[in-house]
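**Q** Can you read through this structure? Questions will come right after.
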Amino acid sequence: MDIKHCMICPRNCGISRSDGEKGYCKAGELPKCALASVHHWEEPPISGTKGSGTVFFSYCNLNCVFCQNYTISAQGFGKELTIEQLADVFLSQQKKEVHNINLVSPTHFIPQIKEALSLAKQKGLHIPIVYNTNSYEKVESLALLEGLIDVYLPDFKYISSAYSKTYSFAHDYAKYATKAILEMKRQQPEMVFDSNGILQKGVIIRHLVLPGCYKDSFAILDWIKQELGEDTYVSVLNQYTPMYRASEYKQIARKTMTLEYQKVVEHFFAIGLKNGFMQKRNSATSEYTPMFNLSGLP
């Protein structure tokens, strides 16, 4: 995919990142990362007992007003790496005996990640690769990764275009997210676990319950049940914390109430979904936000 006329994500900026032009996400030619760490707070089949080898990429193609990682997504903190350096980061993570390599917010660097993963696999990278995304993706971009990604971990943020326009500046979010998730399921249709219950292949869909938006959450769960089936693994998140610019928006300037979250959990079971991960109220804290300090990077 040509970053001289960047059309990687639905923003379709068409700018030349190779020539220093900046599009919506502000990403350049080289991949930029803020942290490579061992993370123990993902879903149990991802983190397991040894942790997930997270690699956080700087910038983002959504810029959600409530983003907890805004210092890297909106403000662009991080360090540019060559393809060879990024491949070495993956290999260094593997040496920590983590269960997987977890690519966090990777969309805008798909071509570079594809090249780095291919190089790292030639050098001995063999643990599962997790693609941890906001789902504002293009199917043709995801298709470039087929055969390289073992586990897809997509967010499904909204079905309402009003919410997605207001909080993520993407009125067409659901249009692209639904198609992207279906493509992820096409690439990894079966859930495969090892003998310790660690996910080796498959898809887990995440949904963060936002304040005052539980009916939109219902619609998302309905779509999952209808399009992907009752056995789909869904992680219903209760960790919303008003950060970044959330205080500017009255509806989301508070934490999600226990009753709101419980309504979504009840709907999950009421429609017959079977495989879910739920969170306790105390998950809604800024303590789960990583410290972005370039740790683990060359």
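The values are calculated or read from the model by the stated rules, or taken from the named source; none is laboratory data. For clarity, every value in this text was computed on a predicted model and none was experimentally measured. Ideal geometry is used to build each Cβ from the backbone, glycine not excepted, and the neighbour counts take in all protein chains shown. Surface accessibility is based on the protein's heavy atoms, side chains included, excluding ligands, DNA and RNA. Shrake-Rupley method; radii C 1.70, N 1.55, O 1.52, S 1.80 Å.
**Q** Quick one: is Tyr163 aromatic (Phe, Trp, Tyr), in contact with a Pro (Cβ under 7 Å, 6 or more places away or on another chain), touching a residue at least 24 places away in the same chain (Cβ under 8 Å) and within 27 Å of Leu237 (Cα to Cα)?
**A** Considered against the rule, which asks whether it is aromatic (Phe, Trp, Tyr), in contact with a Pro (Cβ under 7 Å, 6 or more places away or on another chain), touching a residue at least 24 places away in the same chain (Cβ under 8 Å) and within 27 Å of Leu237 (Cα to Cα), Tyr163 comes out as no.
**Q** Under 8 Å by Cβ, and 6 or more places apart or on different chains, what pairs join a residue from the range 82-95 that is within 16 Å of Ser295 (Cβ to Cβ) with one that is among the polar types (S, T, N, Q)?
**A** Matching pairs, first to second residue: Leu86/Gln112.
**Q** Hey, another quick one. Could you say whether any residue in the range 154-165 is more than 19 Å from Cys64 (Cα to Cα), surrounded by fewer than 18 Cβ atoms within 10 Å (Cβ to Cβ) and out of contact with any strand residue (DSSP E or B) (no Cβ under 9 Å at 6 or more places or on another chain)?
**A** No, the conditions are met nowhere in the range 154-165.
**Q** Could you check how many residues of the range 74-84 are buried (at least 18 other Cβ atoms within 10 Å of the Cβ) and in contact with a Leu (Cβ under 8 Å, 6 or more places away or on another chain)?
**A** Counting residues in the range 74-84 that are buried (at least 18 other Cβ atoms within 10 Å of the Cβ) and in contact with a Leu (Cβ under 8 Å, 6 or more places away or on another chain) gives 3.
**Q** Kindly check whether there is at least one residue in the range 127-147 that is of a type in the set (Gly, Ala, Ser), at pLDDT 95 or above and in contact with a Leu (Cβ under 9 Å, 6 or more places away or on another chain).
**A** no
**Q** Next up: Step by step: first the residues of the range 3-28, then only those that are touching a residue at least 60 places away in the same chain (Cβ under 8 Å) and under 16 Å from Gln112 (Cβ atoms), then the one that is most open to solvent (accessible area, probe 1.4 Å). Which residue is that?
**A** Met7
**Q** Restricting attention to the range 226-241, which residues are under 18 Å from Phe277 (Cβ atoms) and surrounded by fewer than 17 Cβ atoms within 10 Å (Cβ to Cβ)?
**A** Gly229, Glu230, Asp231
**Q** Take Pro128 and decide whether it is under 19 Å from the mean Cα position of the chain (by Cα), open to solvent by 20 Å² or more (accessible area, probe 1.4 Å) and touching a residue at least 60 places away in the same chain (Cβ under 8 Å).
**A** No: the conditions fail for Pro128.
**Q** I've got another one for you. Can you pull out the residues in the range 247-276 that are of a type in the set (Asp, Glu) and surrounded by 14 or more Cβ atoms within 10 Å (Cβ to Cβ)?
**A** Glu260, the sole residue that qualifies.
**Q** In addition: Of the residues that sit in the range 31-45 and are within 16 Å of Thr107 (Cβ to Cβ) and among the hydrophobic types (A, V, I, L, M, F, W, C), which one is surrounded by the most Cβ atoms within 10 Å (Cβ to Cβ)?
**A** Restricting to residues being within 16 Å of Thr107 (Cβ to Cβ) and among the hydrophobic types (A, V, I, L, M, F, W, C), the top hit is Ala34.
Conditions tested, residue by residue: (1) open to solvent by 60 Å² or more (accessible area, probe 1.4 Å); (2) among the basic types (Lys, Arg); (3) under 13 Å from Glu137 (Cβ atoms).
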residue: Tyr167; (1), (2), (3): no, no, no
residue: Ala177; (1), (2), (3): no, no, yes
residue: Leu182; (1), (2), (3): yes, no, yes
residue: Gly197; (1), (2), (3): no, no, no
residue: Gln200; (1), (2), (3): no, no, no
residue: Ile205; (1), (2), (3): no, no, no
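**Q** Among Glu230, Glu190, Glu183, which is at pLDDT 95 or above and out of contact with any Lys or Arg (no Cβ under 8 Å at 6 or more places or on another chain)?
**A** That would be Glu183, the only listed residue that is at pLDDT 95 or above and out of contact with any Lys or Arg (no Cβ under 8 Å at 6 or more places or on another chain).
**Q** Limited to the range 8-19, what total is found for residues that are within 24 Å of Val55 (Cα to Cα) and part of a loop (DSSP other than H, G, I, E, B)?
**A** 4
**Q** Here is a list of conditions, (1) closer than 22 Å to Tyr70 by Cβ; (2) in contact with a helix residue (DSSP H, G or I) (Cβ under 6 Å, 6 or more places away or on another chain); (3) open to solvent by less than 70 Å² (accessible area, probe 1.4 Å), and Tyr244 meets all of them except one; can you say which number that is?
**A** Single failed check for Tyr244: (3).
**Q** Considering each of Lys157, Lys165 in turn, give the residue that is of a type in the set (Lys, Arg) and either modelled with pLDDT under 95 or within 14 Å of the chain's Cα centre (by Cα) (or both).
**A** When all the criteria are applied, what remains is Lys157.
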